[in-house]
Number of protein chains: 2
Amino acid sequence: VSNVPLPLRDAVRPTTWIESTRLSRRLGANVTIASETFQRTGSFKFRAAYNVAASVPQLRIITASSGNFGQALACACQLLDKSCTIVMPETSARVKVNAVREFGGVVDLIDVTKITRKARVEQLASKDPDAFVASAYDHPLVIEGSASLGVEIAERGQRFDCVLAPLGGGGLTAGVITGLRKSGNSVSVIAVEPVLANDGARSFRAGQLLANESEPQTVADGVRTISIGQHNWKILQKELADVIEVTEEHIIESTRLLFDHANLKAEPTGALAIAALLSAPDRFRGRNICCVISGGNVDPEVFFRIVATH
Amino acid sequence: VSNVPLPLRDAVRPTTWIESTRLSRRLGANVTIASETFQRTGSFKFRAAYNVAASVPQLRIITASSGNFGQALACACQLLDKSCTIVMPETSARVKVNAVREFGGVVDLIDVTKITRKARVEQLASKDPDAFVASAYDHPLVIEGSASLGVEIAERGQRFDCVLAPLGGGGLTAGVITGLRKSGNSVSVIAVEPVLANDGARSFRAGQLLANESEPQTVADGVRTISIGQHNWKILQKELADVIEVTEEHIIESTRLLFDHANLKAEPTGALAIAALLSAPDRFRGRNICCVISGGNVDPEVFFRIVATH
């Protein structure tokens, strides 16, 4: 019996629904938050990581992640009695390295000026051919994992005019759309990304997948991706209603607004959906908006520095 | 139809259940959080305020509160189409004054070196005999309102070894006990208060109601009460399992732990239950503990100052 993994639905924590009168009044829209900040390991990534780790037959998993996916995968592997190695830059925040280790993950620190994360993962994989190499955002199992959030949004049974969610590699938005559609819900899903990392908006307008030239230096560090994943793009190209680009100032203001008006600690990436309401207030005025807050993992000092100075 | 107020159960937002693996591991106990930080107006006080405002026949309500009860009462009155006046010291944080006004409450600012809050409330009441004068923490309707949280804890159906909750005027703990017992649940309820404001612990030991000599200057500003309310004391004297006193250092560390390990923004008062686990780790090791987080309303700057320097 101990070899049968918990179904995804039982392993994940349900999303946290938050309504804040003060926040809605400030934004001029009727905002309902689906917060993944209290998900296992503090971000929606656990949904994807658990689905990957529970679905593949391999007992060892290798991935590269300096952020939420690494911690999520370590937690998932611990629950599933598997092992994992997370390749991280040696400059990663100590708190993120420690979080992976707390969940029993092996951290492989690299000097990114000497070897890329991808190359190091390939090196580790060639030494351990029985291990599964996991992508943080471009795999059908990642989409299927994140789809569980779309199903929860559909099951809430609330009539939303649209769902807003952060866009980086596209695993979250592709997953939310997949889950909603699987549940027979056709609500518009709008992706939100920083102007500084607008490969998604440019791809959406061009009708083809475009990449950033280098890792974008937005404060929203969860969406510092070079491009949307291929698997995600196939879904987003067809189903995404729009992509809204937001400024760094609006991302920071949103992080502060969530903290101050809704008592919600979000990481800057998590606040992107709120930033879209600040960017395009007329478009959403008086509407019923579901805002997906993707995660809340940010060091106190970093959070204070971001929020306090604005 | 519009004159029939929403029943309390439908007016309040259900408490937010949060489990954090990292927090539980850090504290050495299996902690389940019942968080009132996402309650209407950000604290459990809405439960009490709504029950008072919805139950009394008067259309105008007067109270003194520089904190969460004022904002909660203003919100409740707005929902119920009643009006209210909140007496506040003119030194109150601007954000608290604004929050009351945002909900349509009239703020009556006083110079507390010239007139006490109580005297000013009596002055206002004598000018407006049709108004109801509400106590923030000592009235059967306050207990009945807070009892709705106890009912929710019982309805979760989880076996807890004990429930920990902050103790100030006693409205929360008396209410939680009342709701639990009404639901047939006999779980131990333990109150937590700062060493600096230990009238509750002293009263519990003495078997009689004792007061602080002056307003205690604890960082947990929600429990800076002179003494427990008479109505609450009758219940607490019989039903409370214990009172745990915690240091200022543990209150601050708990506020930070909740933020860092569980992504939860709590006001220092809200973190008292966690501080009890830091104070008496052996007593709770390995146990299933329900920690009530009473509220999350704290200015970003104040929060950062408290948390960042420790």
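To keep it simple, each residue is scored yes or no on (1) polar (S, T, N, Q); (2) assigned to a helix (DSSP H, G or I).
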{"position": "B:LEU164", "(1), (2)": "no, no"}
{"position": "B:ILE177", "(1), (2)": "no, yes"}
{"position": "B:SER186", "(1), (2)": "yes, no"}
{"position": "B:VAL189", "(1), (2)": "no, no"}
{"position": "B:VAL192", "(1), (2)": "no, no"}
{"position": "B:SER203", "(1), (2)": "yes, yes"}
{"position": "B:LEU209", "(1), (2)": "no, no"}
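Return the residues of the stretch B:189-216 that are among the charged types (D, E, K, R) and either within 18 Å of B:SER294 (Cβ to Cβ) or under 17 Å from the mean Cα position of the chain (by Cα) (or both); say none if nothing qualifies. B:GLU193, B:ASP199, B:GLU215, listed by residue number. Restricting attention to the stretch B:270-283, the residues that are of a type outside the set (D, E, K, R), open to solvent by 10 Å² or more (accessible area, probe 1.4 Å) and assigned to a helix (DSSP H, G or I) total 3. Within the bounds of the stretch A:39-55, is there any residue that is open to solvent by 10 Å² or more (accessible area, probe 1.4 Å), among the β-branched types (Val, Ile, Thr) and modelled with pLDDT of 95 or more? Checked against the condition, which is being open to solvent by 10 Å² or more (accessible area, probe 1.4 Å), among the β-branched types (Val, Ile, Thr) and modelled with pLDDT of 95 or more, the stretch A:39-55 yields at least one hit. Does the stretch A:266-310 hold any residues that are touching a Phe, Trp or Tyr at 6+ places or on another chain (Cβ under 7 Å) and within 13 Å of chain B (Cβ to nearest Cβ), and which are they? Once the filter is applied, which keeps residues that are touching a Phe, Trp or Tyr at 6+ places or on another chain (Cβ under 7 Å) and within 13 Å of chain B (Cβ to nearest Cβ), the stretch A:266-310 yields A:SER294, A:GLY295, A:PRO300, A:PHE304, A:VAL307, A:ALA308. Looking only at the stretch A:256-264, decide whether some residue is farther than 23 Å from A:GLU152 by Cα, free of Cβ contacts under 8 Å to residues at least 12 places away in the same chain and either within 14 Å of chain B (Cβ to nearest Cβ) or not aliphatic (A, V, I, L, M) (or both). Yes, the stretch A:256-264 contains a residue that is farther than 23 Å from A:GLU152 by Cα, free of Cβ contacts under 8 Å to residues at least 12 places away in the same chain and either within 14 Å of chain B (Cβ to nearest Cβ) or not aliphatic (A, V, I, L, M) (or both). If you go through the stretch A:75-132 and keep only what is open to solvent by less than 40 Å² (accessible area, probe 1.4 Å) and of a type in the set (Ser, Thr, Tyr), you end up with A:THR85, A:SER92.
Given the residues A:GLN71, A:GLN123, which is the only one that is over 20 Å from A:VAL298 (Cβ atoms) and out of contact with any strand residue (DSSP E or B) (no Cβ under 6 Å at 6 or more places or on another chain)? Being over 20 Å from A:VAL298 (Cβ atoms) and out of contact with any strand residue (DSSP E or B) (no Cβ under 6 Å at 6 or more places or on another chain) holds for just one of A:GLN71, A:GLN123, which is A:GLN123.
If I filter the stretch A:151-162 for residues that are at pLDDT below 95 and part of a loop (DSSP other than H, G, I, E, B), do I get at least one hit? No: zero hits.
Within the stretch A:72-118, the set of residues being free of Cβ contacts under 8 Å to residues at least 12 places away in the same chain and more than 24 Å from A:ALA11 (Cβ to Cβ) comprises A:ARG94, A:THR113, A:LYS114, A:ILE115, A:THR116. Taking the listed residues A:ARG9, A:ARG40, A:ARG25, A:ARG47, the one that is closer than 19 Å to B:THR15 by Cα and of a type in the set (Lys, Arg) is A:ARG40, with no other qualifying. Out of A:LEU167, A:LEU196, one residue alone is surrounded by 23 or more Cβ atoms within 10 Å (Cβ to Cβ) and at pLDDT 95 or above. It is A:LEU167.
Could you say whether any residue in the stretch B:103-120 is in a helix (DSSP H, G or I), touching a Cys at 6+ places or on another chain (Cβ under 9 Å) and away from chain A (no Cβ under 11 Å)? No, because not a single residue in the stretch B:103-120 is in a helix (DSSP H, G or I), touching a Cys at 6+ places or on another chain (Cβ under 9 Å) and away from chain A (no Cβ under 11 Å). Going by what's in this entry, would B:VAL151 be described as open to solvent by less than 50 Å² (accessible area, probe 1.4 Å) and over 18 Å from B:ALA276 (Cβ atoms)? Criteria met by B:VAL151. Within the stretch B:7-23, the set of residues being assigned to a strand (DSSP E or B) and of a type outside the set (A, V, I, L, M, F, W, C) comprises B:THR16, B:GLU19. Within the stretch A:3-38, the residues that satisfy the criterion of being open to solvent by 50 Å² or more (accessible area, probe 1.4 Å), in contact (Cβ under 8 Å) with a residue 24 or more places away in the chain and farther than 22 Å from A:SER148 by Cα are A:ARG26, A:ASN30.
Every residue, every condition in (1) at pLDDT 95 or above; (2) under 18 Å from A:ALA197 (Cα atoms); (3) of a type in the set (Lys, Arg); (4) surrounded by fewer than 24 Cβ atoms within 10 Å (Cβ to Cβ), yes or no:
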{"site": "A:GLN230", "(1), (2), (3), (4)": "yes, yes, no, yes"}
{"site": "A:TRP233", "(1), (2), (3), (4)": "yes, yes, no, yes"}
{"site": "A:LEU236", "(1), (2), (3), (4)": "yes, yes, no, yes"}
{"site": "A:ASP242", "(1), (2), (3), (4)": "yes, yes, no, yes"}
{"site": "A:ILE251", "(1), (2), (3), (4)": "yes, yes, no, no"}
{"site": "A:GLY286", "(1), (2), (3), (4)": "yes, no, no, yes"}
{"site": "A:GLY296", "(1), (2), (3), (4)": "yes, no, no, no"}
{"site": "A:ILE306", "(1), (2), (3), (4)": "no, no, no, yes"}
{"site": "A:THR309", "(1), (2), (3), (4)": "no, no, no, yes"}
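The lone criterion from (1) of a type outside the set (Lys, Arg); (2) away from chain A (no Cβ under 14 Å); (3) part of a helix (DSSP H, G or I) left unmet by B:GLU253 is number (2).
Screening B:GLY184 on (1) out of contact with any Leu (no Cβ under 9 Å at 6 or more places or on another chain); (2) open to solvent by less than 60 Å² (accessible area, probe 1.4 Å); (3) over 17 Å from B:ILE228 (Cβ atoms) shows it passes everything except condition (2).
The values are calculated or read from the model by the stated rules, or taken from the named source; none is laboratory data. These numbers were taken from a predicted model, which means no experiment stands behind them. Using ideal geometry, Cβ is built from the backbone for each residue, glycine included, and neighbour counts are taken over all protein chains shown. Just so you know, the surface numbers come from the protein's heavy atoms only, side chains and all, with ligands and any DNA or RNA stripped out. Shrake-Rupley method; radii C 1.70, N 1.55, O 1.52, S 1.80 Å.
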